[in-house]
Amino acid sequence: MTDPTPATESTADDARLPRDPDLDAEQTCSGTARPVHLRPVFLVLVFIGGTLGTAAREGLSLAFPPVNGVPYAIFGINVAGAFLLGFLLDALARRGPDRGRRRALRLLLGTGFMGGFTTYSALATDTAGLLGTEAPGAGIGYALGTVLVGAIATWTGIAVAAAIRQPVDTHGEER
């Protein structure tokens, strides 16, 4: 029989595990550690970015309604979002470690704005709707096209960011 209470002791192996930059801890008044992703300022940045991204997506999808049942605006939004996210993350990574303003920009624009702007749930819903019509090929093409073109757009965003900015070393200095 196993013990139902989880072990809370730290082992030597824990020190060798890779760390996610979002899991850095800060000391709070109570003395407990608060992970980065639970700090109010970063939550507010994601909220603001997500609100603006969602509003931008909604505005574009209303301005460009589906044509013959195919939501071209959502396709364009997801592809543009993939490009911009690839560009943003590579540009920030080349400028140095994920701290300070770079982390704030990543959370505001990447996680927040791009997370609200892109909509892979609408991709799934629209694909299901198209598959249920008399032309299921349109649904398959829409789903595969969005994912494949989105992947190419992400790679292109990374390549463009790399071409624009020289790489930096770990101290934030240009090489």
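What to note about this one:
- Residues of the stretch 122-151 that are outside any helix (DSSP H, G or I) and not hydrophobic (A, V, I, L, M, F, W, C): Gly132, Thr133, Glu134.
- Some residue of the stretch 108-121 being at pLDDT below 95, surrounded by 15 or more Cβ atoms within 10 Å (Cβ to Cβ), of a type in the set (A, V, I, L, M, F, W, C) and assigned to a helix (DSSP H, G or I): no
- Complete set of residues in the stretch 39-54 that are modelled with pLDDT under 95, among the hydrophobic types (A, V, I, L, M, F, W, C) and either within 17 Å of Tyr120 (Cβ to Cβ) or surrounded by 15 or more Cβ atoms within 10 Å (Cβ to Cβ) (or both): Phe42
- Restricting attention to the stretch 130-146, the residues being in contact (Cβ under 8 Å) with a residue 12 or more places away in the chain and surrounded by 15 or more Cβ atoms within 10 Å (Cβ to Cβ) number 6.
- Flag if Arg57 is at pLDDT below 95 and outside any strand (DSSP E or B): no
- Scanning the stretch 129-158 for residues that are farther than 28 Å from Gly49 by Cβ and among the hydrophobic types (A, V, I, L, M, F, W, C), we see that the one that is nearest to the chain's Cα centre (by Cα) is Leu144.
The values are calculated or read from the model by the stated rules, or taken from the named source; none is laboratory data. Predicted, not measured: the structure shown is a model, and the values here were computed from it. Virtual Cβ from ideal backbone geometry, glycine too; neighbours counted across all protein chains shown.
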